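Structure record follows, encoded as structure tokens.
The values are calculated or read from the model by the stated rules, or taken from the named source; none is laboratory data. Just so we're clear, the structure is a prediction, and the values are computed from it rather than from any experiment. So basically every Cβ, Gly included, is an ideal-geometry build from the backbone, and we count neighbours across all protein chains shown. Surface accessibility is based on the protein's heavy atoms, side chains included, excluding ligands, DNA and RNA. Shrake-Rupley method; radii C 1.70, N 1.55, O 1.52, S 1.80 Å.
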Amino acid sequence: MSEQFSLQEVIDSFRLSLSDSKELSLDHYVEGWRGLVKLLNSLGSVFGFISKDVVNKLSILVSLRGGPEGAHYLSLQSMVQYELQSGLVEGGDNPASGTRGVSGCRTLLRLHRALRWLQLFLGGVSRDEGTPPTLCSLAYSQSLSQHHPWVIRSAAGLAFRMLPPRDPFLRMLNAGEPPQAVEVLGGAVPVLGEVYTITEELYSKHDLLHLP
Ligand code: 1Q0
């Protein structure tokens, strides 16, 4: 992936993360998130505390994938199965990670919740339902915010106000002029939605949606 963020690359990574049988490849999932981090970084240092947290979570997943039990971290499905069978979902002493007490499942759950926010936010932008700051904060209150304590909610609220207006925001996606960028955005939403739904169903089936 190139240094310059492109929205299309993010969509491609998330699209590629799903196999025909709806297995979700963790390598591609992480790649998609790396692209999102690039966009976040291009928005300026106000968003640094958010991208730092995402980078941290991605490095946990990458270290699990590169560790001695890495083969189990090939896909979302194999990760869930492995951590459930080995009693690692709640953290435990995971021999596969350098980080004690941190499971792949709880780490990915945080990103999964954020993906819902992104889907709502980008959907709103693509349908021109308001300005990016307004849509961002609306999407946040409908999703991620319920999982965050007050201090994070207020920091997030301040950061949202620094988002650029619609046209500059669309240009920052590196997907052409605003009308084209809107089309690309419209294509991103169902892809993010499918990744979200597959994860949500799997986590719900195994009662993993509230991992501490
Ligand atoms: C564009 C503005 C970005 C707004 C992001 C909204 C979320 C704000 C949340 C800020 C919280 C970050 C600080 C740390 C929080 C953690 O405590 C929390 C829980 O983890 P833990 O280990 O303490 O239990 N972490 C999270 O909830 C993860 C939050 C991740 C936020 C991910 C935001 C990704 C942003 C991507 C920007 C993309 C813009 C559009 C690009 C279009 C491309 C298709």
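Reported count of residues in region 100-129, each being within 14 Å of the chain's Cα centre (by Cα) and basic (Lys, Arg), is 4. Close Cβ contacts (under 7 Å, 6 or more residues apart or on different chains) running from residues in region 21-35 that are among the small types (Gly, Ala, Ser) to residues that are modelled with pLDDT under 95 and open to solvent by 70 Å² or more (accessible area, probe 1.4 Å) comprise Gly35/Met1. For region 170-182, the criterion of being closer than 22 Å to Phe47 by Cα and either free of Cβ contacts under 8 Å to residues at least 12 places away in the same chain or more than 11 Å from the ligand (Cβ to nearest atom) (or both) is met by at least one residue.
Do we have any residue at all in region 54-72 that's over 19 Å from Val102 (Cα atoms), within 16 Å of the ligand (Cβ to nearest atom), in a helix (DSSP H, G or I) and open to solvent by less than 50 Å² (accessible area, probe 1.4 Å)? Steps first, please.
Here is the first cut: in region 54-72, the ones over 19 Å from Val102 (Cα atoms) are none.
Scanning region 54-72 turns up no residue that is over 19 Å from Val102 (Cα atoms), within 16 Å of the ligand (Cβ to nearest atom), in a helix (DSSP H, G or I) and open to solvent by less than 50 Å² (accessible area, probe 1.4 Å).
Scanning region 102-124 for residues that are more than 29 Å from Leu88 (Cβ to Cβ) and either touching a Leu at 6+ places or on another chain (Cβ under 6 Å) or within 8 Å of the ligand (Cβ to nearest atom) (or both) turns up Phe121, Leu122, Gly124.
Tallying residues that are assigned to a helix (DSSP H, G or I) and not small (Gly, Ala, Ser) within region 73-95 yields 10. Taking region 2-42 as the range and being part of a loop (DSSP other than H, G, I, E, B), within 13 Å of the ligand (Cβ to nearest atom) and surrounded by fewer than 19 Cβ atoms within 10 Å (Cβ to Cβ) as the test, only Ser6 passes. Can you run down the residue pairs with Cβ atoms below 7 Å, 6 or more apart or on separate chains, where the first is in region 112-134 and under 20 Å from Val10 (Cα atoms) and the partner is in a loop (DSSP other than H, G, I, E, B)? From residues that are under 20 Å from Val10 (Cα atoms), the pairs are Arg113/Ser143; Arg116/Ser143; Trp117/Ser143; Leu120/Ser143; Gly124/Gly130; Pro132/Leu163; Pro132/Pro164; Pro132/Pro165.
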